[in-house]
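S.K.: My questions all concern the structure below.
What follows draws every value from the coordinates through simple rules; no lab data is involved. Just so we're clear, the structure is a prediction, and the values are computed from it rather than from any experiment. Note that each Cβ is placed from the backbone with ideal geometry, even for glycine, and that neighbours are counted across all protein chains shown.
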């Protein structure tokens with residue numbers, strides 16, 4: 001029960017950091033990875049509780065690594081083109 005509470009607090013802290021307005025893209029990527037870590041821990045506890053295979057965790061980790069690599073590549077391309085990782089200098093239109 002305590003593990004579930006800690007994982008829920010981790011998830012909420014990660015969401016609060018992601019939703020709040022930060023200037024840097026790196027902080028946003030770190031908060032996304034923190035959310036992924038909390039979901040991974042929740043999945044691990046749940047799959048151990050129902051005594052299920054852990055193959056789903058391997059697939060989840062593959063997708064989370066791909067998400068992290070994509071975020072880092074966007075960060076690197078943004079720094080190379082704009083010179084910083086501020087959201088104010090990154091125009092979507």
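S.K.: Please report, in whole Å, how far the alpha carbons of the stretch 2-82 spread along each principal axis, starting with the longest.
M.R.: The Cα atoms of the stretch 2-82 stretch 49, 25, 11 Å along the principal axes, largest first.
S.K.: Only Cα pairs within less than 10 Å get springs; with that Gaussian network setup on the chain, which residue of 14, 71, 83 has the largest fluctuation?
M.R.: Largest GNM mean-square fluctuation: 83.
S.K.: What list do you get for 9, 27, 35, 50 if you sort them by fewest beta carbons within 10 Å?
M.R.: 50, 9, 27, 35
S.K.: Could you tell me the relative contact order of the chain? Use alpha-carbon pairs under 8 Å, at least six residues apart, and round to a whole percent.
M.R.: 31 percent
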